[in-house]
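All remarks here apply to the structure that follows.
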Amino acid sequence: MKQEVQQMAKMRVGIIGAGRIAAIMAETLRKTRGVEAYAIASRSLEKAQAFAFEHGMTKAYGSYEEMLQDKKLDLVYIATPHTLHLTHAKMCIDYGKPVLVEKPFCVNAAQAQELLDYAKEKGVFITEAIWVRYLPMYETIKQTLDSGVIGQPKLLTANLGYEMTEKERLVDPKLAGGALLDVGIYPLNFAYMLFGNDIDKIDASAVVKDGIDTQDSITLTYKDGRMAVLNSSMVAVSDRLGIIQGTKGYMVIENINNYQSMTVYDANYKKIQYKKCPKQISGYEYEVLACRDALKRKALSCEAMPHEETLRLMHAMDEIREKIGLIYPCETEDGQTEEQN
């Protein structure tokens, strides 16, 4: 089934899942020009109706399938737990609905490949909602790095951590909880965005307890001798900094989870450049608008997050989990994932 792309003044967006991140997206959609916070689908009609009322959405559905039958729906944002992304995205594709899948795209690379192949076979648009890829501040950072102002980049460090042990989803192995897929993906993505993927070796260590990784330390060694040292945690608050060190100076990026500013220093530690991020709603608007532009062009992916890059990151996280000895229950024959939201 080919994707249904409406000729509309506004792109109508539906959301699958009614949790915290879905609420942020709904509020963002309300304030973004050219799109509409159109529909919410939950396994509970009562929950969907309450969500729709709170966020000013037109439609509320008590099943995902019912929402996907809505002919006015132009794009579906999937905001359910990681372990359900494959099932829910394939369901959207079966109805010909373009899909924006919250990161991580899937639990592992095999699932990601299966989903991308399915979307390609059916001729339906799909992309990963790793929002930092779409932020305009990324272009500023990349252009500054490419300008040579810090010389040849040699070392990158990135940290992201929050105290999140109260979140049930994150402490549940059955939902692929833990630090890596939720926060570790951001430092890893930061390295891939700015240093590329010509990697010679990946090293990793972690604290694994009760079937989840609570803290991870990852080192990427590139074939040309550059290195990226990445840390993530779900039990500690981090500085969220990304630092790129070069032969003539270094750059400090404030908050790799939503770039707030970029400061450049020379070899004498003197500040020589400073750039603050442009005003935004939440930052989620850019991935939605990128989808809208791609659908207008009848594209099946977003340039900001190519399918190949989604697969590279999933393969890297698979390798990291192999090194730290972490297998999710859903990856075993007897592993079960319950529907949520």
Extension gain (nm, one decimal) between Thr58 and Lys279, 0.36 nm per residue minus Cα-Cα: 76.8 nm
Give me the one-decimal nm value for the distance between modelled label points at Lys174 and Glu66, 7 Å along each residue's Cα-to-Cβ direction. 2.6
Report the label-to-label distance for Asp210 and Lys10 in nanometres (one decimal), using points 7 Å from each Cα along the Cα→Cβ vector. 4.3
Compute, for segment 194-341, the length of the dipole vector about the Cα centre, with Cβ point charges of +1 (Lys, Arg) and -1 (Asp, Glu) only. Units Debye, rounded to 20. 1200
Note down the relative contact order for segment 165-251 as a percent, whole number, built from C-alpha pairs under 8 angstrom at least six residues apart. 27
1.4 Å probe accessible area per residue over segment 215-341, in Å²: 52
Report the full-extension gain for the segment Arg30 to Asp224: residue separation times 0.36 nm, less the Cα-Cα distance, to one decimal in nm. 65.2 nm
Averaged per residue, what accessible area in Å² does segment 126-195 show with a 1.4 Å probe, protein chains only? 31
Accessible solvent surface per residue of segment 1-97, calculated while the other protein chains remain in place, 1.4 angstrom probe, Å²: 42
For the pairs Lys120/Lys298; Lys59/Lys97; Lys90/Lys323, flag any whose C-alpha to C-alpha distance is greater than 19 Å. Lys90/Lys323
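Taking every pair of distinct Cα atoms and averaging 1/r, then inverting, what Kirkwood hydrodynamic radius in Å comes out for segment 131-281?
Working: mean 1/r = 0.0624 Å⁻¹.
One decimal place: 16.0 Å for the Kirkwood radius.
For segment 1-102, which trypsin sites (Lys or Arg not before Pro) pass both filters: DSSP loop (anything but H, G, I, E, B) and at most 12 other C-beta atoms within 10 Å?
Listed in order of number, the matching sites are Lys2, Lys31, Arg33, Lys71.
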How would you rank 242-250, 261-269, highest first, on the average number of other Cβ atoms within 10 Å across their residues? 242-250, 261-269
Violations at 20 Å Cα threshold for listed pairs Lys72/Lys296; Lys154/Lys201; Lys103/Lys279; Lys10/Lys103; Lys31/Lys279 -> Lys103/Lys279; Lys10/Lys103
With a 1.4 angstrom probe the carbon and sulfur portion of accessible area for segment 126-216, in percent, totals 46
Between the Cα axis of helix 85-94 and the main Cα principal axis of the chain, the angle (0 to 90°, nearest 10) is 50
Could you work out the relative contact order of segment 233-341, using alpha carbon pairs under 8 angstrom and six or more residues apart, expressed as a whole percent? 11
Based on Cα coordinates alone, diagonalise the gyration tensor for segment 7-70, multiply each eigenvalue by 5, take square roots, and list the semi-axes in whole Å, largest first. 18, 14, 9
Most mobile of Gly161, Gly17, Gly196 in a GNM of the chain (Cα contacts under 10 Å): Gly196
Out of the total accessible area of segment 218-334 (probe 1.4 Å, heavy atoms of protein only), what percent is carbon and sulfur? 49
Largest first and in whole Å, give the semi-axes of the chain's equivalent ellipsoid, each being the square root of 5 times a Cα gyration tensor eigenvalue. 33, 24, 18
Among bridges DSSP assigns within the chain, what percent are antiparallel (round to 5)? 60
Report, to the nearest 10°, how far helix 20-30 tilts away from the longest principal axis of the Cα atoms in the chain, using its own Cα long axis and a range of 0 to 90°. 80
Expressed as a whole-number percentage, the relative contact order of the chain with C-alpha contacts under 8 angstrom and at least six residues apart is 19
Most positive-pole-ward Cα, Gly246, Ala206, Ala191, against dipole of segment 181-304 from beta carbon charges: Gly246
In degrees rounded to 10, the 0-90 angle between helix 136-146 Cα long axis and the longest Cα principal axis of the chain is 30
Within straight cross-link reach of Lys275, meaning Cα distance under 17 Å, which aspartates and glutamates are found once same-chain residues fewer than 8 apart are removed? Glu139, Asp146, Glu254, Asp266
Roughly speaking, what is the stretch gain from Gln113 to Val149, that is 0.36 nm per residue apart minus the C-alpha to C-alpha distance, in nm to one decimal? 9.1 nm
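The values are calculated or read from the model by the stated rules, or taken from the named source; none is laboratory data. Quick caveat: nothing in here was measured; it's all calculated off a predicted structure. A quick note on method: Cβ atoms are made from the backbone with ideal geometry, for glycine too, and the neighbour counts reach across all protein chains shown. These area figures cover heavy atoms from the full protein model, side chains too; ligands, DNA and RNA do not enter into them. Shrake-Rupley method; radii C 1.70, N 1.55, O 1.52, S 1.80 Å.
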